[in-house]
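Let me begin by presenting the structure, written as structure tokens, before commenting on it.
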Amino acid sequence: MQQTRRLDILPDDLVIKASVQTDAGCVRDSNEDSGRHVSPHDTEALAARGRLTIVCDGMGGHASGEVASQIAVEAISELYYSNRDLEPRDALRWAVEEANREIYEAAQTDERLAGMGTTLVALVILGDQAFSAHVGDSRLYRMRGQTLELMTTDHSQVMEMVQKGIITMEQARDHEDKNVILRAVGTNPEVEVEVSSIFQVEPGDTLLLCSDGLNDMLEDVEIEAVLASESDEYSACQQLIEAAKHNGGHDNVTVGVVTVGAKLTAPPPEVRITREVEAL
Ligand code: CA
């Protein structure tokens, strides 16, 4: 299992903690998912662009899906921060479009990579505001209070049928075409990226990004139960992956959990601990 963990504390900023973990699951011997949390040490970049979390679910034969999802994560986390000309939402859209181009071109030049692509969900938290970008069926959820809310609409055949009222969300879960996605990054010269409106984050919020290996295995109520019982982002990721594997783990599973804490009004905890130790 790979994982990354970051804790960044800046004055006048909400305390954002994040963990991204990925697991091949119980059935597949390779992991074509990729994920990352980026929290720049450069305070200027942090102030201008905020923190970025990405989850990608690659697809294609001969492990090319792994290549596609890795290119997407690398390209977007680089390009989003390097472009300061555009507004943040436009910069994220542009970064995904550029990643699309990179993957598409790589697939044209190497026949082993032909047809590779990836779904993607990316979340930016900038101050107390947030927005997402997604392509395909990787998802963003928000847990506020005890309620889990799906923030993205899958670009999938079954979700279109749900929106047209042909089937219910419940029927979509078990539909034979549930894995047919209508958009992916890298499979065509151009991609249509869905960028959300800006929404506020509040202390206590938990944002969850995931590949379908999580939400195919776990009902919303099961995801909700894990997030409600785990306040720590690292163990929440672990528990979600364990639960997906417990339920079968048929697919690679990648989970990004981002928790929003209150603004710091006291010195960072490390400093307080040192003082307490000294006082003893
Ligand atoms: Ca998948």
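What residue, among those in the stretch 189-202 that are of a type outside the set (Val, Ile, Thr) and open to solvent by 80 Å² or more (accessible area, probe 1.4 Å), is farthest from residue 16 (Cα to Cα)? Out of the qualifying residues, it is 190.
If you go through the stretch 201-228 and keep only what is part of a helix (DSSP H, G or I), in contact with a helix residue (DSSP H, G or I) (Cβ under 8 Å, 6 or more places away or on another chain) and either over 13 Å from residue 148 (Cα atoms) or not hydrophobic (A, V, I, L, M, F, W, C) (or both), you end up with 213, 214, 215, 222.
For the stretch 87-128, the candidate set comprises residues that are touching a Pro at 6+ places or on another chain (Cβ under 9 Å) and part of a strand (DSSP E or B); within that set, the residue that is most open to solvent (accessible area, probe 1.4 Å) is 126. Would it be correct to say that residue 257 is within 16 Å of the ligand (Cβ to nearest atom) and at pLDDT 95 or above? When the stated conditions are applied, residue 257 does not pass them. Being part of a helix (DSSP H, G or I), touching a strand residue (DSSP E or B) at 6+ places or on another chain (Cβ under 9 Å), under 23 Å from residue 214 (Cα atoms) and at pLDDT 95 or above is the requirement here; does residue 54 meet it? No, not satisfied.
The set of residues from the stretch 234-254 being within 15 Å of the ligand (Cβ to nearest atom) and either assigned to a helix (DSSP H, G or I) or open to solvent by less than 10 Å² (accessible area, probe 1.4 Å) (or both) comprises 240, 241, 244, 245, 249, 252, 253, 254. Residue-level check: of (1) crowded, with 18+ Cβ neighbours inside 10 Å; (2) among the hydrophobic types (A, V, I, L, M, F, W, C); (3) more than 14 Å from the ligand (Cβ to nearest atom); (4) in a helix (DSSP H, G or I), residue 68 misses just (3).
The values are calculated or read from the model by the stated rules, or taken from the named source; none is laboratory data. Everything numeric in this text was worked out from a predicted model, so none of it was measured. Every residue, glycine as well, gets a Cβ built from its backbone with ideal geometry; the counts of neighbours run over all protein chains shown. Remember, those area values only see protein heavy atoms, side chains included, never the ligands or the DNA or RNA. Shrake-Rupley method; radii C 1.70, N 1.55, O 1.52, S 1.80 Å.
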